[in-house]
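Here is the structure we will look at.
The values are calculated or read from the model by the stated rules, or taken from the named source; none is laboratory data. Please read these numbers as outputs of a predicted model, since none were measured by experiment. Cβ sites come from the backbone with ideal geometry, for glycine too, and all protein chains shown count toward neighbours. Please note that ligands, DNA and RNA were not included when accessible areas were found on the heavy atoms of the full protein model with its side chains. Shrake-Rupley method; radii C 1.70, N 1.55, O 1.52, S 1.80 Å.
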Amino acid sequence: MPPSTNHLDVAREALERTVRELEDQLKQAEQALAALGGKVTRRGPGRPRGSAKKATAGATKGAPRRRRKRRGGTRADQAVKLIEGQPGISASDVAKTMKIKPNYLYRVLGDLEKEGRVKKDGRQYYPTGG
């Protein structure tokens, strides 16, 4: 390697060389495992540990996954119920009561206002008649 005055280039080259060596070692280990009859599995890029694509118990290949049912209704329904119980409540108070972040609730309340389920006066929210 020619002498370099740039320490970053030297460090980068050393890291690249180390990565190549590790990749070679990984290939050798995978070949040895395959020769012993082992199964080589790898996560996809960006997937966290333990998140390999597994079929759920009892599910057949190609069957759509079933979603869990909501237990307490939607956030919108919960917010409307709170506003009906405390007319004039602020969005931040609704968020504190529901134990969620206000920035999420502002979107929910905006949608409820467009649907006509609540009305806003200043910072306060009121239930609508219909």
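Scanning the range 95-117 for residues that are touching a helix residue (DSSP H, G or I) at 6+ places or on another chain (Cβ under 9 Å) and under 14 Å from T74 (Cβ atoms) gives M98, I100, Y104, L105, V108, L109, D111, L112, E115, R117.
Residues that are under 19 Å from E113 (Cα atoms) and modelled with pLDDT under 90: does the range 65-73 have at least one? Yes, the range 65-73 has at least one match. Note on the range 24-45: among residues that are small (G, A, S) and at pLDDT 70 or above, the one that is least open to solvent (accessible area, probe 1.4 Å) is G38. Looking across the range 80-90, just one residue is without any contact (Cβ under 8 Å) to a residue 40 or more places away in the chain, open to solvent by 80 Å² or more (accessible area, probe 1.4 Å) and assigned to a helix (DSSP H, G or I), and that is K81.
Residue-by-condition table, conditions (1) among the polar types (S, T, N, Q); (2) open to solvent by less than 80 Å² (accessible area, probe 1.4 Å); (3) part of a helix (DSSP H, G or I):
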{"position": "Q78", "(1), (2), (3)": "yes, yes, yes"}
{"position": "S92", "(1), (2), (3)": "yes, yes, yes"}
{"position": "I100", "(1), (2), (3)": "no, yes, no"}
{"position": "Y104", "(1), (2), (3)": "no, no, yes"}
{"position": "R107", "(1), (2), (3)": "no, no, yes"}
{"position": "K120", "(1), (2), (3)": "no, no, no"}
{"position": "G129", "(1), (2), (3)": "no, no, no"}
